[in-house]
1. In the set Thr142, Thr115, which member is surrounded by 20 or more Cβ atoms within 10 Å (Cβ to Cβ) and hydroxyl-bearing (Ser, Thr, Tyr)?
2. Look through segment 251-287, keep the residues that are without any contact (Cβ under 8 Å) to a residue 12 or more places away in the chain and over 19 Å from Asp297 (Cα atoms), and return whichever of them is surrounded by the most Cβ atoms within 10 Å (Cβ to Cβ).
3. Can you tell me which residue among Glu21, Glu74 is on the phi > 0 side of the Ramachandran plot, assigned by TED's automatic domain parsing to the domain that holds Glu111 and out of contact with any helix residue (DSSP H, G or I) (no Cβ under 6 Å at 6 or more places or on another chain)?
4. Inspect all residues belonging to segment 210-225 and state whether any of them is at pLDDT 95 or above, outside any helix (DSSP H, G or I) and closer than 19 Å to Lys190 by Cα.
5. Can you confirm whether segment 219-236 contains a residue that is touching a residue at least 24 places away in the same chain (Cβ under 8 Å), in contact with a strand residue (DSSP E or B) (Cβ under 7 Å, 6 or more places away or on another chain), surrounded by fewer than 23 Cβ atoms within 10 Å (Cβ to Cβ) and in the same structural domain as Ile336 (by TED's automatic domain parsing)?
6. What are the pairs with Cβ atoms under 8 angstrom where one residue, in segment 427-442, is under 15 Å from Ala154 (Cα atoms) and the other, located anywhere, is crowded, with 24+ Cβ neighbours inside 10 Å and among the basic types (Lys, Arg)? Sequence gap at least six, or different chains.
7. Might you let me know whether segment 309-324 holds any residue that is in the same structural domain as Val254 (by TED's automatic domain parsing) and assigned to a helix (DSSP H, G or I)?
8. Which of the residues belonging to segment 377-399 are of a type outside the set (D, E, K, R), modelled with pLDDT of 95 or more and not in a loop (DSSP other than H, G, I, E, B)?
Amino acid sequence: MGKPTGFVEFQRELPGSRSVEERIGDWNEVYLPFPDDKLQNQGARCMDCGIPFCHSGCPLGNLIPEWNDMVYREKWDEAVERLHRTNNFPEFTGRLCPAPCEGSCVLGINEDPVTIKQIEVSIIEHAFDQGWVVPRQPAARTGKKVAIVGSGPAGLAAADQLNQAGHSVTVFERDSRIGGLMRYGIPEFKMEKKFLDRRLELMESEGVVFKAGCHVGVDVTASALREEFDALVLAGGARAPRDLPIPGRDLKGVYFALEYLSVQNKLCEGVSVPVEEQINVKGKSVIVIGGGDTGADCLGTAHRQGAASIHQLEILPCPPDERDANVNPWPLYPDILRVSSAHEEGGERIYSISTKQFVGEDGVLKKLDVVDVEMKRSDDGRMSFEDIPGTEREMNADFVFLAMGFLGPERKGMIEELGVELTERGNVQRDEEWMTSVPGVFTAGDMQRGQSLIVWAIAEGRSCARAVDMYLMGESDLPAPI
């Protein structure tokens, strides 16, 4: 603890952002660089608690107080070493994670928590700028081969760990480029893809083989992979979207959020997309159904395309501005109203509202029929929503994007062919050793957990990698956070 009075002397501070007028005119990241002296002050706010709850708040078990103090002392090389001990990709989590560590920060009991997320991303970017992040070659190769299906954060974390253990790792991705939802779901203004490409180039130079445009279960059978490789890791995510099966769902203009986001991400990367497949909302009325991060991503994308109006609808009530200590006590993740950069840019959020039907003309969307709802909880804790009479109304809409989450992994193809058992919720079942019901086939990330956070995906990828290493070698020195 470099400065015992730091949390008294310095207030929480975050980097500034580019003006709304500037940033909605391009696809670059929103936030401005954060000066080192200000970052040191933020590191000084860490209290070196007797029990640092940020450790338990972070699924990766990041050594947060240690690298906070190192930043304060300007020991950047030691800080990045500590950071990489527990996190393969801090440049991803430092941009995309909602920071449950900050929600459990002890200082957050009665003050603003430490800016852990900003310190994290600053450490890794400083390390890349200084040339400290270089390829690491395994001490020896084991002769074992591992196939990983899916190149999202769970698959990449497992690949990185297993490669460092000396196994020959091949990552299969059905999309034309590697990265999963980090490439095709996350907009450029949240994470420019140059940061993803930088890490992938590093992994390739370390020996990881990437095979994009190879859909396991379609282009190659899962049984063929089982014959060629000593172990198989399923990390294909939870890509089955939650639909809204109401009248008018088949009208032109109603899309899943990922359909919209993926097309724009491809265009941002210079990928040629046929005009008839492009989704551009310039000058149009847009409604996003779903109040979460994916909905906000659609909101920010629509701003940059020049939508005339945007409304984001959420069936749940508006969260409070501050946590309710009786219902949502520290150190639980605070269930409060969050304002993303996309919300700062405009649009209107409407809570406690339900869509009853889509209305169109000649097969094209024109309006929505909506109604206000009241949420009720039964004695067993289940939620239900009741329409409020007299609140029925129409909303104009040229485009609707469904951002209501995902239901689990897609079952056709690879999962059906392998015959792995599923949980009651439709996710891939695993045992305590991360193995599915099929011997030698493991799973990690959203495919077995359900839709979750990037930090959970990386943590599970690391833990699954240790289990695979144990299976192949009988022992393992790889760390496992879970």
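1. Answer to the selection: Thr115.
2. So the residue we want is Val273.
3. Within the list Glu21, Glu74, the selection yields Glu74.
4. For segment 210-225, residues at pLDDT 95 or above, outside any helix (DSSP H, G or I) and closer than 19 Å to Lys190 by Cα: absent.
5. No, segment 219-236 contains no residue that is touching a residue at least 24 places away in the same chain (Cβ under 8 Å), in contact with a strand residue (DSSP E or B) (Cβ under 7 Å, 6 or more places away or on another chain), surrounded by fewer than 23 Cβ atoms within 10 Å (Cβ to Cβ) and in the same structural domain as Ile336 (by TED's automatic domain parsing).
6. Final answer for the pair search is Phe442/Arg430.
7. no
8. Scanning segment 377-399 gives Phe385, Met395, Asn396, Phe399.
The values are calculated or read from the model by the stated rules, or taken from the named source; none is laboratory data. On a predicted model such as this, the values are computed, not experimentally measured, just so you know. Cβ coordinates were reconstructed from backbone atoms using ideal geometry, including for glycine residues, and neighbour counts include every protein chain displayed.
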